[in-house]
Amino acid sequence: MFQTLYSCFWWERLWLPANLTWADLEDRDGRVYAKASDLYVTLPLAFLFLLVRHLFETYVATPLAGLLNVKEKIRLRATPNAVLEQFYAATTKHPKQADVEMLSKKSGCTVRQVERWFRRRRNQDRPSLLKKFREASWRFTFYLLAFIAGMAVIVDVSMGPRRAPPEPPAPLTPPSVSLLPQKPWFYDLREVWKGYPIQSMLPSQYWYYMIELSFYWSLLFSIASDVKRKDFKEQIIHHVATIILISFSWCANYVRAGTLIMALHDSSDYLLESAKMFNYAGWRNTCNNIFIVFAAVFIVTRLVILPFWILHCTVVYPLDLYPPFFGYYFFNVMMVVLQSLHIFWAYLIIRMAQKKRVTLTEPPLPAQVVEDERSDRDETDNSEEEEEAAAAAKNGPLSNGHPVLNNNHRKTD
């Protein structure tokens, strides 16, 4: 049964155009082609990324946070209460008014104390500012290096003299395919499909693909422990769709198109992460300026170049060379899924950019802070929470929202 499923999954008509088989993509005469077995290396590399990330956050991001004076906000802890804790863990973190009144009777606390307890308990579960800064630092470092590597792969920066690979057998390569390791498909998208799928690859393309795919595997593995935002479900969909798209493009030898798509995505992501870093460090003006640049780059790359150039390239140009097949439809459906997510995020980005534009042109109010639309903000009770935090720092722990009195003073004090 497994052999039958294996044969059906790797049926050539699902992955390749008509009249082509996997035998046409076997390495020969010095030319190397993408193979599905190459993807096995991405799983151990993903765990290696998790280890490198841990070391980076511990020995690089944490000291950097200290240099940038990233300060933790004082959070008042909820007093231990078995009744409220059980409801919080088993039922909901956001009780309705009827639940609050019921819990007030069960726990012996006032309604206001129950509301305050849930507010503080939710704040305890929110990630710390240092955790957010460390995560942004790691992603900024990877996306910046990945973007530089992607540009190097596209322009084919290599060491040593260039040497044209040997001529392949005549039936396999159309006469129009250039044998020199140049990237004309960077500026002429019709070149992406010339000779497809019999397009050999370079070592730089291999490592670029493996590292990108391994990184997204590591993001998927760590998503449960990473900072959770309002678009948590969309992030999962994005990671899964990206992994499927990269893996499929490798197996179906969509390497040229895949390289352009990955480099295009990396061109704006590092700007967002750097804006987050400056935001957590309290550099509001620097954060706002970088975010405006990020918003412009994101909109141009994801809402203009990707749909009107790249997606047009993957939908229209292949039909000039071969009739559509399953892989053609599957690849473009996944591209549409990604584009839908880009539209959703563009809406959030435009909202944030409008707020940041206001802060750049008008003096902000003392308590006015531009936040990430996806962020999970700490809940406060306005001045009451600030007064209690100050009291906690001055007088020690609190009991039911009131400072514990110090009974060691003299009667005459």
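The values are calculated or read from the model by the stated rules, or taken from the named source; none is laboratory data. Everything numeric here is computed off the predicted structure, so don't read it as measured data. Cβ sites come from the backbone with ideal geometry, for glycine too, and all protein chains shown count toward neighbours. In case anyone asks, the SASA skips ligands and DNA or RNA and just uses the protein heavy atoms, side chains included. Shrake-Rupley method; radii C 1.70, N 1.55, O 1.52, S 1.80 Å.
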- Task: Place the peptides 81-92, 204-215 in order of packing, highest mean first, counting for every residue the other Cβ atoms within 10 Å and averaging per peptide.
- Result: 204-215, 81-92
- Simple Cβ-charge dipole of the stretch 82-125, Lys/Arg +1 and Asp/Glu -1, about Cα centre, in debye nearest 20: 140 debye
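Compute the length gained on full extension between residue 228 and residue 51: take 0.36 nm times their separation in residues and subtract their Cα-Cα distance, giving the result in nm to one decimal.
Details: separation 177, 0.36 × 177 = 63.72 nm, distance 2.08 nm.
The span from residue 228 to residue 51 would gain 61.6 nm if fully extended.
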- Query: Cα to Cα, under 23 Å, and not fewer than 8 places away if on the same chain: which lysines meet these conditions relative to residue 194?
  - Reply: 35, 183
- Expressed in nanometres to one decimal, the distance between label points 7 Å along Cα→Cβ at residue 29 and residue 64 is 4.8 nm
- Given a Förster radius of 25 Å and the C-beta distance between residue 188 and residue 336 as r, what FRET efficiency does 1/(1 + (r/R0)^6) yield to the nearest 0.05? 0.55
- Burial order of peptide ranges 349-355, 9-15 (average beta-carbon count within 10 Å, highest first): 349-355, 9-15
- Given a cut-off of under 8 Å on Cα pairs at least six residues apart, what relative contact order in percent is computed for the stretch 82-125? 42 percent
- Dipole of the stretch 82-125, positive end: most advanced residue of 89, 114, 103 [Cβ charges, Cα centre]: 114
- Query: With each pseudo-label sitting 7 Å past Cα toward Cβ, what's the residue 93-residue 329 distance in nm, one decimal?
  - Reply: 4.1 nm
- Ranked output for segments 120-127, 289-296, 64-71 by mean other Cβ atoms within 10 Å, highest leading, reads 289-296, 120-127, 64-71
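Go through 119, 112 and list them by solvent-accessible area, largest first, probe radius 1.4 Å. Please report the intermediate quantities before stating the final value.
On the way: 119 35, 112 140 Å².
So, going from the largest accessible area down, we get 112, 119.
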